[in-house]
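Worksheet: the structure to be examined is printed underneath.
The values are calculated or read from the model by the stated rules, or taken from the named source; none is laboratory data. Treat the numbers as computed from the prediction; the structure is a model and nothing was measured. Cβ sites come from the backbone with ideal geometry, for glycine too, and all protein chains shown count toward neighbours. Surface accessibility is based on the protein's heavy atoms, side chains included, excluding ligands, DNA and RNA. Shrake-Rupley method; radii C 1.70, N 1.55, O 1.52, S 1.80 Å.
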Amino acid sequence: SPAVGRRVVNAAVGRPAVSPLTRRLLQDPILPTLLRLALPNMLVMVMQASTGLIETWWVSRLGTDALAGMALVFPGFMMMQMLSAGAMGGGISSAIARALGAGRRNDADALVVHALIVNLLFGMGFAALFLLCGPWIYRAMGGEGASLAAALQYSNVVFAGTPLVWLMNAVASSIRGTGNMLVPSAAVCAGVVLLVPLSPLLIFGFGPIPPLGMAGAG
């Protein structure tokens, strides 16, 4: 049969047999394949947008200065997210996918390790930049008085955890490079489910947990 013939040819030239996932990408109908790959990412975008709205609503209960401080931090945080998940993440996924597609499993494994190291270094660089230069950056953006203080409270917590965000996106991009879109999306959605109750708990406190205000939001 043609399938047996292809396997014989692949074996003769030393190429690995095509995996079932690769075969589906090459031979399945285009629209269902695109939807199957895109829907998990679409769900993540909806969840993240919803989280931003919910967290902004909680912060608004702290007053306009708190909202203004959060708005000062938002551009830097979004730039970091887009770089780690989009620019670097796309490169990681592409490199790993090409290595696996060529049957170079050892190269793909090495790419994951390098991705983790590079992203960790970038995360530490972002953390150092905003922790050390945050006051100057937010003043240059128009922050002053109570809004500047709120921005720094929020920013110092957010960017102290930046290396973890870069590592998370490196791992998620590595998994996407294997063709698995569901696992990274499920992990992000699980984080959102945890964030929704934790955010007001840390901002306003409850029982033995003291109110942390903008630091709690961060």
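Computed values, structure above
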| item | result |
| --- | --- |
| Enumerated helices (runs of 4 or more DSSP H) restricted to region 9-114, each holding at least 2 residues that are modelled with pLDDT of 90 or more and polar (S, T, N, Q) | 88-101 |
| Residues of region 44-64 classified as closer than 14 Å to residue 213 by Cβ, touching a residue at least 40 places away in the same chain (Cβ under 8 Å) and in contact with a Leu (Cβ under 9 Å, 6 or more places away or on another chain), total | 2 |
| Which numbered condition residue 184 fails, given (1) in a helix (DSSP H, G or I); (2) out of contact with any Lys or Arg (no Cβ under 7 Å at 6 or more places or on another chain); (3) open to solvent by less than 60 Å² (accessible area, probe 1.4 Å); (4) under 23 Å from residue 38 (Cβ atoms) | (2) |
| Flag for residue 194 being at negative phi and not in a helix (DSSP H, G or I) | no |
| Residue within region 157-179 that is over 19 Å from the mean Cα position of the chain (by Cα), polar (S, T, N, Q) and surrounded by 14 or more Cβ atoms within 10 Å (Cβ to Cβ) present | no |
| Conditions (1) assigned to a helix (DSSP H, G or I); (2) closer than 21 Å to residue 217 by Cβ; (3) not aromatic (Phe, Trp, Tyr): number failed by residue 143 | (1) |
| Tally, over region 116-154, of residues that are within 23 Å of residue 84 (Cβ to Cβ) and open to solvent by less than 50 Å² (accessible area, probe 1.4 Å) | 13 |
| All positions within region 187-215 that are open to solvent by less than 50 Å² (accessible area, probe 1.4 Å) and in contact (Cβ under 8 Å) with a residue 40 or more places away in the chain | 188, 189, 192, 199, 200, 203, 213, 214, 215 |
| Region 49-74: number of residues that are over 22 Å from residue 143 (Cα atoms) and buried (at least 17 other Cβ atoms within 10 Å of the Cβ) | 1 |
| Test result for residue 121, part of a helix (DSSP H, G or I), at pLDDT below 95 and more than 21 Å from residue 213 (Cα to Cα) | no |
| Cβ-Cβ under 9 Å pairs, at least 6 apart or on other chains, region 124-137 side touching a residue at least 60 places away in the same chain (Cβ under 8 Å), far side in a helix (DSSP H, G or I) | 137/72; 137/76; 137/129; 137/130; 137/155 |
